[in-house]
Structures are given as structure tokens and as C-alpha cells.
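Derivation of every value follows stated rules applied to the coordinates shown; laboratory data play no part. Computed from a prediction, not measured in an experiment: that's the story for all the values here. So basically every Cβ, Gly included, is an ideal-geometry build from the backbone, and we count neighbours across all protein chains shown.
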6 protein chains.
Amino acid sequence: MESFKVSVYRKEHFNAAHRLHNDLLSIEENKAIFGKCNNINYHGHNYELIIKVAGEIDAVTGYVIDMKILSDLIKTEIIERFDHKNLNLDIEEFKHINPTAENIAWVIYTILRPKIEIKYELKIILYETERNYVEYPS
Amino acid sequence: MESFKVSVYRKEHFNAAHRLHNDLLSIEENKAIFGKCNNINYHGHNYELIIKVAGEIDAVTGYVIDMKILSDLIKTEIIERFDHKNLNLDIEEFKHINPTAENIAWVIYTILRPKIEIKYELKIILYETERNYVEYPS
Amino acid sequence: MESFKVSVYRKEHFNAAHRLHNDLLSIEENKAIFGKCNNINYHGHNYELIIKVAGEIDAVTGYVIDMKILSDLIKTEIIERFDHKNLNLDIEEFKHINPTAENIAWVIYTILRPKIEIKYELKIILYETERNYVEYPS
Amino acid sequence: MESFKVSVYRKEHFNAAHRLHNDLLSIEENKAIFGKCNNINYHGHNYELIIKVAGEIDAVTGYVIDMKILSDLIKTEIIERFDHKNLNLDIEEFKHINPTAENIAWVIYTILRPKIEIKYELKIILYETERNYVEYPS
Amino acid sequence: MESFKVSVYRKEHFNAAHRLHNDLLSIEENKAIFGKCNNINYHGHNYELIIKVAGEIDAVTGYVIDMKILSDLIKTEIIERFDHKNLNLDIEEFKHINPTAENIAWVIYTILRPKIEIKYELKIILYETERNYVEYPS
Amino acid sequence: MESFKVSVYRKEHFNAAHRLHNDLLSIEENKAIFGKCNNINYHGHNYELIIKVAGEIDAVTGYVIDMKILSDLIKTEIIERFDHKNLNLDIEEFKHINPTAENIAWVIYTILRPKIEIKYELKIILYETERNYVEYPS
């Protein structure tokens, strides 16, 4: 039941514009499904991003992973690319993927997974607002 | 280890009065077990309620579940019934169940479970105060 | 424009039931004015109470006021009397005063003012919910 | 020093896209002054809006102002107009005013001031992020 | 998939000084690995500690565990020993263990585990800052 | 009553160790006044620092002050000097000033005041814990 692993969490944030829209649907269908989130001129959020990394404690450092290195990785790979951007227009990954919170979390996971040693478990928690958030993998 | 499921969380709140009390116990036993929470005139809380729904991302919408529909369901089934109420006196479910945070979470689960498609995992997180909260199922 | 005073703030909390009601009004008038807050069986809140005391820094201690003494005073005079209580039924001061957030802040001020040296400025900030709060004096 | 006024605060929120830009400046000047906030494709925020109203407690209701009426007013005048919008493109008031936090607070004040009785003091507090916020009047 | 267990969480806090340092490494190695956290004169944190206990709801009380008893246990075993202390110098357990957040969580677990009935699952969540936190077991 | 000034607030943080102690008092007097805050081995805090600057909105930028410049100033003058330090041992200003929250706020004010144009009003808000904070000038 118990494991000897520890999870460490690092919280960062970025501000971005987005619009929910599926090119394969009609204007009416998009409006019906996405409502005000479909606004053609975009709206935006302060995204709070929490990265969870689980693994064994290193005997020399007492760390699971160096939080400074993890934080720098998140900043280089995610924050510098996503912050103060329009997700639909400025971010390659969302050219053909609707930037729902679920899909943003999945995209962030696919970007970070190859950069973090496979011995670590990785989880993405993304707050779109204080009242709506998602977690991948569940 | 990993799954392709995403969890989505929606936070709502309600304010209610309650009193911890078990009719099958004596006045003294109730006082000994529940202390000031047993106050005959009730006390109250701002309950923060977080509903977690886990499932696959829908390819058309990019949603696990439409947050607007989930939020409306929580409002209709829980918030409109519990908000600004006395849990012991006004809510049928607590006529014979002591409204501890644990039991409130369980009651909310039993109300919502039949309203949410079985393909989804459901979890209830309930903050009674900023320092005390519960989760069902664990 | 500038003063040499420092303000110190101490945050405490209490949980209580209440009901908004004015005995001088009819049942219909009470319902019209106070809506669901008029529920005859009460509802409740986690009240967050912030006490602000402003004064000069003491040269010996470096304190405006000893926070431990201030915290003990708030606990003795307010928290022990209000916590896990029904404001309308259990608290003498609300026998004839409607326990709105405004009136609760005013009552707390009148209780604490004589207990805190007159050289200090005193202000009461009371959160009824995360989204509604009041301040007295304004 | 003391007044008999109470301040009441009501918190609401809206999500919007914006871009900082002054049409009278060159592209280079805009970029130099506003940096990444000048992104031509916009970015966005979860704006937390706090409206402060100060006045005397009403003897009949125990309210300074009915929070339900205040909340409805904020929703009708501000939230429904600003939420899920692009401030630069969708909001008339920002056609010729740069939507900095300072200017947004000032615009909100000018919209609400005529709708709130002159006997009340009015103040706007606007959080653009958790770490940046503004207040008008100061 | 579902269990009939409920998790309860209790949040407490303590303030402490610490320094990250491994006696088996050289001064230069310590500086390289721990950076400013290695400051010979210590620095400090407000640690937020969340204890999670999972188990069945008791039919008589409606509790998984009495929160008052759990809170008193955390206070006696952890808060009174760690609060306003220097973890490296004042706490026996860190004489030979580097007080990283990971190790502090593990130490707290080893202290509390024998004091909490084995039928309960136990988890430690420790916030070192608002942006860095850990969980043991993962 | 109203002014045309806007206040802008910028929040930063630093972690530090400290000890409350007055060299002019005896060991017993220090212990009696400062209690566990007098621990000879120090304890520590996550200090949340909010800098308030009030002034007129600039017609060209729409800013009271450029938040990026303000944030950089706070980082250079305060955060880089105070973060991960022992206030009593590492910070010149506290060699002869007891580092209570009141005095820390006053010291930060005296450091920043000459660096910020005199046309601006300046205020320091410092959270020592979530429950204790101070403001200078009051």
C-alpha cells in the first residue's frame, strides 16, 4: 500500500489568450458547444501550472529532484513559450488542437515528458481559473 | 502506471448551519464526543465543494465533460438544496445521518453518482474550514 | 501625508450560525429584504476576523503591540464567545441587533475598543465569505 | 479620527484578453514600453474585481447596501460586458484607452459611479494577477 | 475502482529556520548543490503541514477519526517540537539528515505513523513555500 | 474626498531566518518579552512583501509606474539582499535593530524611499505569516 517514493510539486504561472474552437465544426455548432469561450476575438486567463514529479529521495542531496533545475526546465520549455501569448495563434501545438484546459495539460505533458528522466513519474495540474482545474494523467 | 484519462475539477460553495448529534446517544455522550460542535442552537460553515470527474478527452470538444453542464448539475442538485440551509432540519438526507464533513461528502456522492454517466470516475472533496477537509472516495 | 505609525494586523476565525431578521418587520417584509438569509432554521459561515491596531513602534520591543497579547485578547473576548455559536440565540449583543456582517463588525469593535489602550487606532475587518467582507470604521 | 461609516466589499471576476498598445506611438516605442504585454495577438488574465462601497449602516436592514443588489449591478454593468471578451476589440471604452490595470479600474469606476447613490463612497480594486493589483481612487 | 474509505485532512503550520547541508560533502560541493539554501547562517520558512488520514467512517460518530484528537496529536508530536526552532540545531532527527522538504515530510511520517492506528492510511503533505511542496508517501 | 490618483501594488517574497532580541535587555527580559521568538538558534518565515506606489496615471503609458521597473527595483534592493538570509547576522540594517515585522517594514521603506521619485506615495505591507502582517506608514 505504501511506497518509499516522495512527490514534489512546483508551481509556476503564465498569462495567455485563447479561444475554444473546432475547425471541423460549423460556426453554429462551435457557438452551441463553446458559448462565450468561442468569442472570435479571444479572451484570456492567468494559468497556474503545477508540475508533480515523483521518485525516490537521493541519499546525497536529500532531494527527489533539484527544484531549481525543475523550475528552470518549466520556465524554458513552457513559461517562456506560453506566457503573454495567444495559444491559438502563437503556439505551434495548438494549430490543430483546441486549447481547452484538458488539451493544454496534455500538450504540456508531452513537451516535458521527454525532458524528465523516465525513472520519475510526471503529472500536470493546470488551473484555468480558481474554480476550474484539470490533472493529467488522472 | 500512466493512464490516458484526465481529471477535471469544479469548485462551488454553500453556506449552511449544522450541529453534530447522534440521537441514539445520551445528551452527555453527545457532549463528550462532539464538544462545541454539539451546540443545541447550531453553528455554521462556508463549505467549499470540489467535484472531480475523471474520463477520456472527447475528440470533438476537447473536454472530458462540459464544465458548464457539470456546474449546472452541482448547482441544481446540491447548491440550491443545501445553500443557506440548516443541514439537520432542512435536508431530508440528514434526518437520520449526522452531518459530519465525512457524511456530507458521502451524501453528495450518492446524490450526484446517478446523475453522472458511469464511464466517469467521481470524487467529492469538501472543505468544512480552511484547515479541515475530506475526500470521498479516498 | 506620511505618519510614523505602523499598523499591525492579526487574523483569527470563528464559525457560527445566524439568520438575518428584524423583529419590527412583518414575515413578508423580512423575506423580501433578506431572502434566503432569513431562513427560520438559520444558516452559517466561517467568519475570518482581522483586527488592525495602529500606533508607534515601541523602542524597547520593536513592537507596536505584542501580537501574542492581542491574539489572546481577541480569543478571550470574541472567539471563545462567538465560535460554534448561534449569533441570534447565544450572543447577548444580537438579541436586538440583526447580525449582518456590518453589525457584527460594529459589535466586535464596541467589545474590543475599551480593552485596547486609547493611544491605538482600532479597525475591524470581517470576512463573511471569501467574496463578501466589511470594515469598521470605514 | 473615527467615523461611523462601514465599508462593504464585494468580489467578482471576469476573464479577458487584452494587449497594451498606444496608437500614437511607433511600433518600436510600443515594444520598448510594453514588452511582451504588447504581443499583437493578445494575451489574457483572470481579473479579480473588488468593489468597495462605504456608508452608514441602515437602521432597518443592518446593511450599508444590499450585497445582492450591489452584486447584480456589478454583474449587469461590468461582468456581462467584460467577461470572456477582448478588451481592446470588444469594449467601446478601450477603443481609445490603453487597457492597463490602472485604466481598467478607472473605466469601471466611471461606469459604476453614476449607478451608485452619491451618499456612498466608491472604490475599485482590480487584481490583474495575484502579484499585481491596483486601486482607484488611491 | 471505488472504495468505501474517506480521507480526512488536517492543516497545521510551524515556522522554522534551516540550512541545506551534507556533512559528507566539501564546502564547495555543498555550495554547488544547495546554492543560497546552504547559507551558513540559515534562512527560514512558514511550513504548512497537511496530515491526511484515510479510513472507514465510524457508524456512531460519523467521523473517520476525531479531528480534535488528530489536531492535538500533530500539535504535541510535531508543532510543539518544530515550531520556532532551528531544524538543523534544535531537532534531534536532523542531526544527521539534511532538512530538505522531502526529508522533513519523511521524518514527520516516521514520528506520526506509530501514534496512529495501523488501520488508517497516513500521508504527509508539506508546503515549504506557496510554490514548492512535497507529499510522502507519493 | 476623491483623488485622481491610482495605487498600484506589487507582491514579492523572500525567505529568511531571524530571532527577536534586544541587546540592551537581560537574557531573562528577552525571554519574557519575546518568548519562543527569542530562540538563540533562530527560526524563520516566508515573508510576503507588498509594495504600494500611488500616483497619477501617465497619459502616454497608462501606467502609474512601470510594474517591471518597480519589480526589478524591489528585487535588486530587497529580495537579493534579504532572501535566504539570516536577518540578524547577514543584514547590516539589523545589526542594531530588532527584526520584528514592524521594524523590517520600516527598514524596507527607508531603503526604497530614496529610489522612488518623491511624487509617488510609498507604502510597505509585510506578511510575516498568513495571520500576522504589518503596514508602514499606517
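Please average, across the residues of B:44-57, the number of beta carbons from any other chain that are within 10 Å of each residue's own beta carbon, and give a whole number.
Shielding by partners across B:44-57 averages 4.
Other chains' Cβ within 10 Å of A:29-38 residues: what's the mean?
Averaged over the peptide's residues, the number is 3.
Step through the table entries A:Lys85/A:Lys115; C:Lys5/F:Lys11; A:Lys31/D:Lys115, compare each Cα-Cα distance with 25 Å, and write down the pairs that go over it.
Distance filter (> 25 Å) returns A:Lys31/D:Lys115.
Quick one: 3J(HN,Hα) in Hz for region B:114-119, Karplus 6.51/-1.76/1.60 with θ = phi - 60°, rounded, Gly and Pro as x.
These are the phi-based 3J(HN,Hα) values: x, 8, 10, 3, 5, 5 Hz.
When the Karplus curve 6.51 cos²θ - 1.76 cosθ + 1.60 is applied with θ = phi - 60°, which whole-Hz ³J(HN,Hα) does each residue of region D:92-107 get, with x for Gly and Pro?
2, 4, 9, 4, 10, 10, 5, x, 5, 4, 4, 5, 4, 4, 5, 4
What is the Cα centroid distance between region B:1-77 and region D:99-124, reported in whole angstrom?
Region B:1-77 and region D:99-124 have Cα centres separated by 36 Å.
Taking neighbour counts of Cβ atoms within 10 Å as a proxy for exposure, in what order, fewest first, do D:Val6, F:Val107 appear? Don't jump to the answer; show the numbers that get you there.
Working: D:Val6 27, F:Val107 21.
Lowest count first: F:Val107, D:Val6.
Considering only E:Ile57, E:Leu87, E:Tyr42, whose Cα is most displaced toward the positive end of the charge dipole of chain E, charges sitting on Cβ of Lys, Arg (+1) and Asp, Glu (-1)?
E:Tyr42
Averaged across the residues of D:58-71, what count of C-beta atoms belonging to other chains lies within 10 Å of each residue's C-beta?
On the way: counts 2, 3, 6, 9, 14, 9, 6, 1, 3, 9, 5, 0, 1, 2.
That works out to 5 on average.
Once the Cβ-Cβ distance between F:Asp23 and C:Glu130 is put in as r, and R0 is 51 Å, what FRET efficiency do you end up with, to the nearest 0.05?
0.70
Taking the simple approach of a point 7 Å from Cα along Cα-to-Cβ for both C:Lys5 and F:Phe4, what is their distance in nm?
3.0 nm
Taking neighbour counts of Cβ atoms within 10 Å as a proxy for exposure, in what order, fewest first, do E:Ile27, E:Ile74 appear?
E:Ile27, E:Ile74
Let me know the charge dipole size of chain E about its Cα centre in debye, to the nearest 20, where only the beta-carbon of Lys, Arg (+1) and Asp, Glu (-1) is charged.
Dipole about the Cα centre, nearest 20: 120 debye.
I need the peptides D:16-26, B:94-104, E:87-97 ranked by packing, meaning the mean over residues of other C-beta atoms within 10 angstrom, with the highest value on top.
Working: D:16-26: 19.4, B:94-104: 21.2, E:87-97: 16.3.
Answer by packing, highest mean first, reads B:94-104, D:16-26, E:87-97.
With each pseudo-label sitting 7 Å past Cα toward Cβ, what's the E:Ile97-F:Glu56 distance in nm, one decimal?
6.1 nm
If you plug each phi of region D:18-31 into the Karplus form 6.51 cos²θ - 1.76 cosθ + 1.60 with θ = phi - 60°, what whole-Hz ³J(HN,Hα) values come out, in order, with x for Gly and Pro?
7, 8, 8, 6, 10, 4, 7, 9, 6, 4, 5, 5, 4, 5
Do me a favour and compute the ellipsoid semi-axes for region D:5-136 from its Cα gyration tensor, root of five times each eigenvalue, largest one first, whole Å. Before the final figure, lay out each step's value.
Details: eigenvalues 206, 34, 32 Å².
One finds semi-axes of 32, 13, 13 Å for region D:5-136.
In deg cm²/dmol, rounded to 500, what helix-only [θ] at 222 nm does the protein assembly as shown give when every DSSP H run of at least 4 residues adds -39500 (n - 2.57) and the total is split over its residues? Let's see the in-between values first.
Numbers: 24 runs with 192 residues, N = 828.
Computed ellipticity for the protein assembly as shown at 222 nm equals -6000 deg cm²/dmol.
By its C-alpha gyration tensor, with a ≥ b ≥ c as the square roots of the eigenvalues, how is the protein assembly as shown shaped: rounded for a/c under 1.5, else prolate for a/b larger than b/c, else oblate?
Judged from the Cα gyration tensor, the protein assembly as shown comes out rounded (a/c under 1.5).
Non-local amide H neighbours of D:Asn46 (under 5 Å, H modeled in plane, Pro and chain starts lacking H): which ones?
For D:Asn46, the qualifying residues are A:Asn46.
Hey, what did chain A get for relative contact order, percent, Cα under 8 Å, at least 6 apart?
It comes to 30 percent, rounded to a whole number.
To make sure I understand the rule: partners must be aspartates and glutamates, Cα under 12 Å from the Cα of B:Lys36, and not fewer than 8 residues away in the same chain. Which ones qualify?
Partners within reach: C:Glu80, C:Asp83.
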